[in-house]
Amino acid sequence: MVGLTERGRLALLLAGGIYLVAWGFGSRALYPVATGLALAVLGARIWVVILRQPVSLRRRLGAREYVEGDDVTIGLEATPLRHPGPRTLEVYERITKLGERRVQLNRRGMPLLVRYILPAMRRGRYRFEAVRAVFEDPFSLARAEQLLGAESTLLVYPRLVELDRVFSESGGATQAGGRVLLRRTAGFDLHSVREYQQGESLRKVHWRTTAKRGELMVKELEDMPHDEVAVVLDADERYVVGESFDVQVRAAGSILRANAMRSRRALLTITAATPETCQVSSIDGEWRAALELLAAAEPDGTEPVARFLERDASPAAQAIELVVVTASLDQALVDSLLGRAFARRPASLVFVDSTSFNGAEAVPLREPALLRLQGSGVPVAVVQRGDDLAAKLIGLEEAFTAHG
């Protein structure tokens, strides 16, 4: 639909006013002015009607992968589908998290082209939507809009750090005073239930089903492989301060990649409002899907990570080794990690001190719960604003502190 701009409506109103003044005072010299203004507005509208036409829009995001902090170059190419086409074209793009952006395309041969830069992008999934082209006359008296529908998605990945080892390895071989098995990759999972047969052990009885049916039912167990290590990224929105969640994502992704590089079967779990899970067996396999989950992760969870781990069906809780990356240190989580340690099931904690991201100077953290975990054999890495993440996750700073 072609309409008048605010300037066009004012020009038309001014033409009517001048015409009334000319008629009221009998000033013939003003009639041409009023008529000229009205014809200019009419001509602008006709111009836009002729100029408006279907346009094919292509967006180029580049072939490279962008990580947080990179400048992202966006290229737009608009091709009119009939002649004559406009020499310039205004396009408005609505980008999630960034709002609306206006760019002007200029003719370069047949297509109209423009390149612009989104500087220092943060990690996330950005969707380009509601793209519309605006056709205007040279005096901006009339305009028409047209939806182009060139939607696309840009992923900005977290900036991970290289780890030749992980801080938990020094404490992973012994926990709670004894040795633990790090390479057991099988266990028994509940497959189905069936009727009890004479002579079977009562330990196999599934009491819940037995109570419902009124007869003894036993569990049919199936030998199932379990993940070697589960990395749980706590996405509880209540503990996010500034960029603290981005640091959590970098830590979780770096640990996951370190395990994938060794071909250890790993599991990534994000406790968002809609929990996300991805299994990674190697850096050449499902790693790409896990990296995309990390790029799009948002701190919108409302459930404490300890409650998430308490679920019987939680694959993360069933993994041989558990790594929790969180900014929350409640008693339930401490008890859960201590329970695994006492059961000689490896567990470690990456605690991102979100209070250090509030702008104040970070101070060394003295948290009794952390000392309790470390004293019970649970490896702990504490990350504050400005810390060297690689050194923290490798365990170098803790080693220097321990040895003076």
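Quick one: ranking Asp137, Asp71, Asp284 by accessible area, 1.4 Å probe, largest first, what do you get?
Asp284, Asp71, Asp137
Can you work out the accessible area per residue across the chain, with the rest of the protein chains kept in place, probe 1.4 Å, in square angstrom?
For the chain, the solvent-accessible area averages 53 Å² per residue.
Show that you can apply the helix-only estimate: for the chain, add -39,500 (n - 2.57) for every DSSP H stretch of four or more residues, divide by all residues, and state [θ] at 222 nm to the nearest 500.
When only DSSP H runs of four or more count, the value is -9000 deg cm²/dmol.
Between Arg340, Arg102, Arg208, where does the largest GNM mean-square fluctuation fall for the chain, given springs only between Cα atoms within less than 10 Å?
Most flexible of the set in this elastic network: Arg208.
Roughly how tilted is helix 30-51, in degrees to the nearest 10 and between 0 and 90, from the longest Cα axis of the chain?
It works out to around 40 degrees.
Got the relative contact order for region 209-334 handy, in percent, Cα pairs under 8 Å and 6 or more residues apart?
Values: 199 pairs, mean separation 43.5, N = 126.
Relative CO of region 209-334 lands at 35 percent.
Per the Cauchy relation, a quarter of the hull surface: what is the mean projected area of the convex hull of the alpha carbons in the chain, in nm²?
Details: hull surface 132.9 nm².
The Cα convex hull of the chain, projected and averaged over all directions, gives 33.2 nm².
If you fit an axis through the alpha-carbon atoms of helix 244-261 and take the longest principal axis of the Cα set of the chain, what angle between them do you get, 0 to 90°, nearest 10?
60 degrees
So how much accessible area does Glu65 have, in Å² to the nearest 10, using a 1.4 Å probe?
Its accessible surface works out to 100 Å², give or take rounding.
For region 25-83, take N as its residue count and report Rg(C-alpha) divided by 2.2 N^0.38 Å. The partial results should precede the final answer.
Values: Rg = 23.2 Å, N = 59, 2.2 N^0.38 = 10.4 Å.
This ratio for region 25-83 stands at 2.24.
What accessible area, in Å² to the nearest ten, does a 1.4 Å probe give for Met261?
120 Å²
Heavy atoms only, 1.4 Å probe, whole protein assembly: order His206, His83 by accessible area, highest first.
His83, His206
Leaving ligands, DNA and RNA out of it, work out the accessible area of Glu169 with a 1.4 Å probe and give it in Å² to the nearest 10.
80 Å²
Would you list Trp287, Trp47, Trp23, Trp207 from the most to the least accessible area, probe 1.4 Å? Kindly include the intermediate steps, with their values, before the conclusion.
On the way: Trp287 20, Trp47 130, Trp23 180, Trp207 160 Å².
The residues order as Trp23, Trp207, Trp47, Trp287, largest area first.
Please list, in chain and number order, the residues 5+ apart from Val161 or on another chain whose amide H is under 5 Å from its amide H, with Hs placed from the backbone.
So Val161 has HN proximity to Ser254.
Checking the cross-link filter: which lysines have an alpha carbon closer than 24 Å to that of Lys212, excluding same-chain neighbours under 8 positions apart?
Within the straight-line cut-off, Lys212 pairs with Lys204.
Output the 0 to 90 degree angle, nearest 10, between the alpha-carbon long axis of helix 287-296 and the longest principal axis computed from the alpha carbons of the chain.
60 degrees
Per the 1.4 Å probe, what fraction of the accessible area of region 56-153, in percent, lies on carbon and sulfur atoms?
Within region 56-153, the accessible surface is 49 percent carbon and sulfur.
Quick one: Debye curve from the alpha-carbon atoms of region 59-172 only, equal weights, vacuum; give me log10 I(q)/I(0) at q = 0.10, 0.11, 0.15 Å⁻¹ to two decimals.
These q points yield log10 I(q)/I(0) values of -0.41, -0.47, -0.74.
The values are calculated or read from the model by the stated rules, or taken from the named source; none is laboratory data. Because the structure is predicted, anything quoted here is derived from the model rather than measured. Surface areas here come from the heavy atoms of the whole protein model, side chains and all, with no ligands, DNA or RNA. Shrake-Rupley method; radii C 1.70, N 1.55, O 1.52, S 1.80 Å.
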